[in-house]
Amino acid sequence: MNLRDKYNQAIQTAKGFRMEGAAEERDGKLYFHGMVKSEDEKNKIWDAIKTVPDWRNDIVGDIKVDPNAPKVSTYTVKSGDTLSKIAKEYLGDANAYMKIFNANKDQLTDPDKIKPGQVLKIPTAA
């Protein structure tokens, strides 16, 4: 099995985040380098790499966060919260709730269905 196959889960994770870069196999190592939009994306790629027990012997990694990417903070949903209420507090406009919804489509399917304990990404107010 070549290293690209061995680390396919990590490669697919990086592709899912549209990482700008590559995973190139040479000299018995997989050189995993590129740029993503957030620290969270970077960490999830590393988590996928680390599912292979001997990753330290196989990977030369250089994954950076794009300094020009919009900054994103997080918010933990409390009982009684709505996306509109969160948008009003963090973005200054209750009608900007769809910005929060769109930033969290990986975990939300309906803007009216959020649950206490969910950690939502809050895009910066533009």
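Go through the stretch 57-72 and count every residue that is charged (D, E, K, R) and either under 17 Å from LYS121 (Cβ atoms) or without any contact (Cβ under 8 Å) to a residue 12 or more places away in the chain (or both).
2
Hey, can you tell me all the residues within the stretch 34-56 that are surrounded by 13 or more Cβ atoms within 10 Å (Cβ to Cβ), in contact with a helix residue (DSSP H, G or I) (Cβ under 7 Å, 6 or more places away or on another chain) and of a type outside the set (Lys, Arg)?
Result: GLY34, VAL36, ILE45, ALA48, ILE49, VAL52, TRP55.
Restricting attention to the stretch 73-98, which residues are of a type in the set (A, V, I, L, M), in contact (Cβ under 8 Å) with a residue 24 or more places away in the chain and over 18 Å from GLY117 (Cα atoms)?
If the condition is that a residue be of a type in the set (A, V, I, L, M), in contact (Cβ under 8 Å) with a residue 24 or more places away in the chain and over 18 Å from GLY117 (Cα atoms), then LEU91, ALA96 are the ones that fit.
Suppose we filter ILE122, ILE59 for residues that are among the aliphatic types (A, V, I, L, M), closer than 29 Å to GLN9 by Cβ, surrounded by 12 or more Cβ atoms within 10 Å (Cβ to Cβ) and touching a Ser or Thr at 6+ places or on another chain (Cβ under 6 Å); which single one remains?
That would be ILE122, the only listed residue that is among the aliphatic types (A, V, I, L, M), closer than 29 Å to GLN9 by Cβ, surrounded by 12 or more Cβ atoms within 10 Å (Cβ to Cβ) and touching a Ser or Thr at 6+ places or on another chain (Cβ under 6 Å).
Take the residues of the stretch 28-40 that are in a loop (DSSP other than H, G, I, E, B) and among the small types (Gly, Ala, Ser): which is nearest to GLY16 (Cα to Cα)?
Across the stretch 28-40, the extreme among qualifying residues is SER38.
Any residue in the stretch 13-24 that is among the polar types (S, T, N, Q) and surrounded by fewer than 16 Cβ atoms within 10 Å (Cβ to Cβ)?
Looking for residues that are among the polar types (S, T, N, Q) and surrounded by fewer than 16 Cβ atoms within 10 Å (Cβ to Cβ), one finds none in the stretch 13-24, hence no.
Which is among the acidic types (Asp, Glu), more than 18 Å from PRO123 (Cβ to Cβ) and either out of contact with any strand residue (DSSP E or B) (no Cβ under 8 Å at 6 or more places or on another chain) or outside the structural domain of GLN9 (by TED's automatic domain parsing) (or both), of ASP106, ASP54?
None of the other options fit; the residue is ASP54.
Among the strands (runs of 3 or more DSSP E) contained in the stretch 41-126, which hold 2 or more residues that are farther than 22 Å from TYR31 by Cβ? I'd like the intermediate steps shown before the answer.
Values: elements: 59-65, 72-76, 119-123.
Result: 72-76, 119-123.
The values are calculated or read from the model by the stated rules, or taken from the named source; none is laboratory data. The model shown is predicted, which means the values in this text are computed figures rather than measured ones. Because the Cβ atoms are built from the backbone with ideal geometry, glycine has one as well, and the counts that use them run over all protein chains shown.
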